[in-house]
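Heads up: the structure comes next, in structure tokens.
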Amino acid sequence: MLYSVRGKLIHTTSSSAVVECGGVGYNCQTTINTLKTLKLNTEVTLYTYLNVREDAVELFGFATKTELDTFKTLISVSGVGPKAGLSVLSELSPEQVAMAIATDDIKTITRAQGIGKKIAQRIVLELKDKLAKASSSDGSMSAVTSGAANAVTGNIPKAIEALGVLGYSPSDVSPVLAALDSSLPVEQLIALTLKQMGRN
């Protein structure tokens, strides 16, 4: 319903930002990482997610589309609510979340406040499962990357897997990754690909 809000940032707390649009202040619950990028009394844009419950209507806002997409991916896991999603993204960047899931790094996810081992395991298991299904429906990875010799070397396959966690199909990201240095760290490959995808 609400794609984004743009306006003057008039107030922040440790977990929310109030953006004034046309005389109305929208209170967006958000992550520490988003709050770090915002400055009071300046114009900001937050990509939003509206959560409607029986007893409340909550608006969540994020500095980047990637952070919003990662939040939606996290809360799609059974037992992971918006509060847990914000907690994970306050501790980790979307790239770090993708890497942790792709490499079964449960310990990194448990660094987030209130996220225990069981929830972290569920996040990794469910999202890896979704990723596997998405990859098989998208065709084999080798077929996708056959036109780009560089795309199956070095850290590229790991980057493709991690980007899949964020909802990008191998066919979307392979052409971008093929142009990058495959010896770069996986996290850097993810960040560069997301930047390029954002431009496109």
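The values are calculated or read from the model by the stated rules, or taken from the named source; none is laboratory data. Computed from a predicted model, the values in this text were never measured in an experiment. Note that each Cβ is placed from the backbone with ideal geometry, even for glycine, and that neighbours are counted across all protein chains shown.
Every residue, every condition in (1) surrounded by fewer than 14 Cβ atoms within 10 Å (Cβ to Cβ); (2) modelled with pLDDT of 65 or more; (3) over 16 Å from Val80 (Cβ atoms), yes or no:
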residue: Ile109; (1), (2), (3): no, yes, no
residue: Met141; (1), (2), (3): no, no, yes
residue: Ala148; (1), (2), (3): no, no, yes
residue: Asn155; (1), (2), (3): no, yes, yes
residue: Ala159; (1), (2), (3): no, yes, yes
residue: Tyr168; (1), (2), (3): no, yes, yes
residue: Leu177; (1), (2), (3): no, yes, yes
residue: Ser182; (1), (2), (3): no, yes, yes
Open item on the list: Quick check on region 159-173. Is at least one of its residues in contact (Cβ under 8 Å) with a residue 12 or more places away in the chain, part of a loop (DSSP other than H, G, I, E, B) and hydrophobic (A, V, I, L, M, F, W, C)?
Closed with: yes
Task: Selected residue (criterion: nearest to the chain's Cα centre (by Cα)) from residues of region 170-192 that are of a type in the set (D, E, K, R) and within 20 Å of Val97 (Cα to Cα) - done: Glu187
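Residues that are under 18 Å from Ile119 (Cβ atoms) and of a type outside the set (D, E, K, R): does region 15-36 have at least one? Break it down into steps so the answer makes sense when it comes.
Initial filter on region 15-36 (under 18 Å from Ile119 (Cβ atoms)): 31.
Going one step further and asking which of them are of a type outside the set (D, E, K, R), we end up with 31.
Yes, because at least one residue in region 15-36 is under 18 Å from Ile119 (Cβ atoms) and of a type outside the set (D, E, K, R).
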Open item on the list: Looking only at region 14-71, how many residues end up being buried (at least 16 other Cβ atoms within 10 Å of the Cβ), in a helix (DSSP H, G or I) and within 13 Å of the chain's Cα centre (by Cα)?
Closed with: 8
TODO: Filter region 87-107 down to the residues that are under 23 Å from Tyr47 (Cα atoms) and of a type in the set (Gly, Ala, Ser), then identify the one that is surrounded by the most Cβ atoms within 10 Å (Cβ to Cβ).
DONE: Ala98
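Find the residue count for region 87-116, including only residues that are in contact with a Lys or Arg (Cβ under 7 Å, 6 or more places away or on another chain) and outside any loop (DSSP other than H, G, I, E, B).
The qualifying residues number 4.
Which ones in region 74-86 are surrounded by fewer than 23 Cβ atoms within 10 Å (Cβ to Cβ) and either in contact with a Leu (Cβ under 7 Å, 6 or more places away or on another chain) or part of a helix (DSSP H, G or I) (or both)?
Of region 74-86, the ones surrounded by fewer than 23 Cβ atoms within 10 Å (Cβ to Cβ) are 75-84.
Answer for region 74-86, where residues must be surrounded by fewer than 23 Cβ atoms within 10 Å (Cβ to Cβ) and either in contact with a Leu (Cβ under 7 Å, 6 or more places away or on another chain) or part of a helix (DSSP H, G or I) (or both): Ile75, Val77, Val80, Pro82, Lys83, Ala84.
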